[in-house]
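The values are calculated or read from the model by the stated rules, or taken from the named source; none is laboratory data. Bear in mind the structure is a predicted one, so any value in this text is a computation, not a measurement. Here the Cβ positions follow ideal geometry from the backbone for every residue, glycine too, while neighbour counts run over all protein chains shown.
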Amino acid sequence: MSHSTRPLETENPPSSRARGLYPITPDIADTGLLLTKVEQVLPHATWLQYRNKAADRTLRRKQVEALLPACMASGVPLIVNDDWRLAADCGADGAHLGEDDGDIREARAALGATVTIGASCYDSLELARRAVAAGASYVAFGAFFPTATKITTRRANVALLRDSAGLGVPLVAIGGITPDNAPPLVEAGADLLAVIGGVFDAPDPVAAARRYVACFPHPSPPPHAGEGASRFSA
């Protein structure tokens, strides 16, 4: 029998949908170290995305399986980057797909209606519209600012968030976001701030996470131990 997680956007009206910090894991091969870093910030996260571009599938599976109990215990949904099949195999709460990571319609048909599927839409409102029509639960725009995490050739702007208000799904902002440059994004409609280095490379990741959360006048309620569980669980 499925257990409930914190509210996800496919089941809630816009006024109650998730808002806050959306940490994305750094590329760390040491699973124990990764888990330690993540556990520090989970109390301040709305969702967590697992991402490791340097790992093979075996390591990625191992790390997802290590992170999932911690996320479930904290009530934080775990979203797997790139690979919806891995997310399903491990019992994660959803998957995030870039433009080269598979078809959203196929993923939605395979995973069902309540699983979270995110889509990278870069700087394109039209791409976001197509993603939502195909079944995306949320869309992510960026990079908004220069970032050292990856090479970016497309740059989103604040107006894109305003123009996307009618899509009816949460909007995620990503790319070089800091607590100092984040407020205009939130004011323009960003529901979640997706951050890697700004949290995990900070001297004090917990303090950094709190600063991001403080950018939201009404963030999602803090997670409660024991609320998290898989959308794939039987």
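For this structure, a couple of remarks:
- Residue in the stretch 37-53 that is surrounded by fewer than 17 Cβ atoms within 10 Å (Cβ to Cβ) and within 17 Å of A95 (Cα to Cα) present: yes
- Scanning the stretch 15-36 for residues that are more than 14 Å from the chain's Cα centre (by Cα) and either surrounded by 14 or more Cβ atoms within 10 Å (Cβ to Cβ) or of a type in the set (A, V, I, L, M, F, W, C) (or both) yields a total of 6.
- Taken over the stretch 68-114, the residue count meeting the criterion of being out of contact with any strand residue (DSSP E or B) (no Cβ under 6 Å at 6 or more places or on another chain) and over 20 Å from R130 (Cβ atoms) is 15.
- Every residue from the stretch 177-207 that is within 17 Å of the chain's Cα centre (by Cα) and not in a loop (DSSP other than H, G, I, E, B): L185, V186, L192, L193, A194, V195, G197, G198, V199, F200
- Scanning the stretch 173-230 for residues that are among the hydrophobic types (A, V, I, L, M, F, W, C), at pLDDT below 95 and more than 13 Å from P43 (Cα to Cα) yields one hit, A229.
- Residue in the stretch 107-125 that is in contact with a His (Cβ under 7 Å, 6 or more places away or on another chain) and of a type outside the set (S, T, Y) present: yes
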